[in-house]
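Remarks on the structure that follows.
The values are calculated or read from the model by the stated rules, or taken from the named source; none is laboratory data. A quick note: this is a predicted structure, and the numbers were derived from the prediction, not measured. For neighbour counting, all protein chains shown are included, and Cβ atoms are generated from backbone atoms with ideal geometry for every residue, glycine included. Note: accessible area is taken over every heavy atom of the protein model, side chains too, but ligands, DNA and RNA are not part of it. Shrake-Rupley method; radii C 1.70, N 1.55, O 1.52, S 1.80 Å.
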Amino acid sequence: MAPEIPQMQWAQVIEKTGGPVQYKQIPVQKPGPDEVLINIKFSGVCHTDLHALNGDWPLPTKLPLVGGHEGAGVVVAKGELVTDIEIGDHVGVKWINGSCLACDFCQQSDEPLCPHVLLSGYTVDGSFQQYCIAKAAHVARLHKDIPLDAVAPVLCAGITVYKGLKESGAWAGQTVAIVGAGGGLGSLAQQYAKAMGLRVIAIDTGDEKKKMCLEQLGAEAFVDFATSKNVVKDVQAQTEDGLGPHAVILVAVNERPFQQAAEYVRPRGSVICIGMPAGAYLKAPVFETVVKMIAIKGSYVGNRKDSAEAIDFFRRGLIKAPYKVVGLSELQMVYDKMQAGEIAGKYVLDTSK
Ligand code: 8ID
Ligand code: ZN
Ligand code: ZN
């Protein structure tokens, strides 16, 4: 029997850039022919949602906007072209809500680069509502044994850091520095790195984040960027030969570390840019970049295969990062804490509260 779908639902709506976000009732939409309607049970909060609220990226959002792109839930309706998903299936709404599947990039499974890409919680409404629409081709397939609250952070943060670690080219036994290790992406990055056999130097600030990185997430060392007198020297000192980590994964929301990473990365190493601080620029000394043969590159979420692999790591019990569950109604509180840099790990919203 088809589940009952209400006419109205609770959602967090951005009516004007800058906020505050409004908790209110809005109509439930109907899925198009190639879409599914998902009853979102839990949604993670990513710093990208805060960039969308603040409007600080050079890409305009839709308005009014329902944010959110780490939504885990149950399919309650589908369009007539959807043949490989059934009502009742568990799925995840990712940042990539849909893509054309026909362009040069989609053909090569670089769907995030599609010129017609739809972005959940940015150019189309996302998962900070009880019923969300996504293109069937792109929703993440979730086995029913996967807990929907714990998997939510994997749907953006997990996929993104897993892809970034792959892009870094670092392999088992090598060392990665994770910059912004105490935040949402950073906490998951440490778990993925560990599961991939990598050794981790965590970089962030404060005792709570330090304790979480060293005692819960598997980092071998922690460098506090706020109290360190010389971050470059302190990071390099954490590698046995003093030559620095093989890769640097930048997930901080601050320009400074993007100017610094090339100085401490190991010769032949890679600097992977993932965080997107507003208005920031990269800087690296040309001389050292050349003579150390450093690769500097960007990494943007992941394709459908990266997503399935990242979820599989989680399903096998290899990814355990701390998160706090609060009601959907409390999103503004989460944004305020995030803006202040006070969140160790992640917040996940329960859409029933
Ligand atoms: O596909 C992508 N490239 C992608 C996907 C998802 C998210 C990119 N992002 C971007 C977000 O838009 C955001 O800009 O990654 C960035 C990080 O998202 P997040 O992990 O959700 O943010 P957070 O939880 O606020 O964590 C940021 C951490 O950075 C630390 C903070 O203390 C916090 O723990 N940090 C800062 I701010 N400055 C630092 C510094 N100088 C720093 N850590 C080390 N050194
Ligand atoms: Zn395309
Ligand atoms: Zn995200």
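Annotations
- Within the stretch 226-237, residues that are farther than 12 Å from residue 177 by Cα sit with their Cβ atoms under 9 Å from residues that are open to solvent by 40 Å² or more (accessible area, probe 1.4 Å) and not in a loop (DSSP other than H, G, I, E, B), at 6+ positions apart or across chains, in these pairs: 228/234.
- Filter result for residue 54 (open to solvent by less than 40 Å² (accessible area, probe 1.4 Å) and either in contact (Cβ under 8 Å) with a residue 12 or more places away in the chain or away from ligand 2 (no atom under 16 Å from the Cβ) (or both)): no
- Look at the stretch 111-127: where a residue is of a type in the set (Lys, Arg), no partner that is within 12 Å of ligand 1 (Cβ to nearest atom) sits 6+ places away or on another chain with Cβ atoms under 8 Å.
- Positions within the stretch 288-326 being more than 15 Å from the chain's Cα centre (by Cα) and hydroxyl-bearing (Ser, Thr, Tyr), in sequence order: 289
- Flag for residue 25 being touching a Cys at 6+ places or on another chain (Cβ under 9 Å) and open to solvent by 60 Å² or more (accessible area, probe 1.4 Å): no
- Residue in the stretch 192-209 that is touching a Gly at 6+ places or on another chain (Cβ under 6 Å) and aliphatic (A, V, I, L, M) present: no
- Note on the stretch 284-307: residues that are in contact with a helix residue (DSSP H, G or I) (Cβ under 9 Å, 6 or more places away or on another chain), surrounded by fewer than 18 Cβ atoms within 10 Å (Cβ to Cβ) and assigned to a loop (DSSP other than H, G, I, E, B) total 2.
- Screening the stretch 26-35 for residues that are under 23 Å from residue 353 (Cβ atoms) and assigned to a loop (DSSP other than H, G, I, E, B) and picking the one that is farthest from ligand 3 (Cβ to nearest atom) gives 28.
- The set of residues in the stretch 167-189 that are over 29 Å from residue 349 (Cα atoms) and either part of a helix (DSSP H, G or I) or within 12 Å of ligand 3 (Cβ to nearest atom) (or both) comprises 167, 168.
Each row is one residue, and each column tells you yes or no for (1) under 18 Å from the mean Cα position of the chain (by Cα); (2) among the hydroxyl-bearing types (Ser, Thr, Tyr); (3) outside the structural domain of residue 318 (by TED's automatic domain parsing).
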position	(1), (2), (3)
195	yes, no, yes
217	yes, no, yes
238	no, no, yes
242	no, no, yes
255	no, no, yes
270	no, yes, yes
285	no, no, yes
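- For the condition closer than 15 Å to residue 319 by Cβ and open to solvent by 20 Å² or more (accessible area, probe 1.4 Å), residue 173 does not qualify.
- When 240, 255, 330, 309 are checked against the criterion of being over 23 Å from residue 160 (Cα atoms), in contact (Cβ under 8 Å) with a residue 12 or more places away in the chain and of a type in the set (Asp, Glu), 330 stands alone in meeting it.
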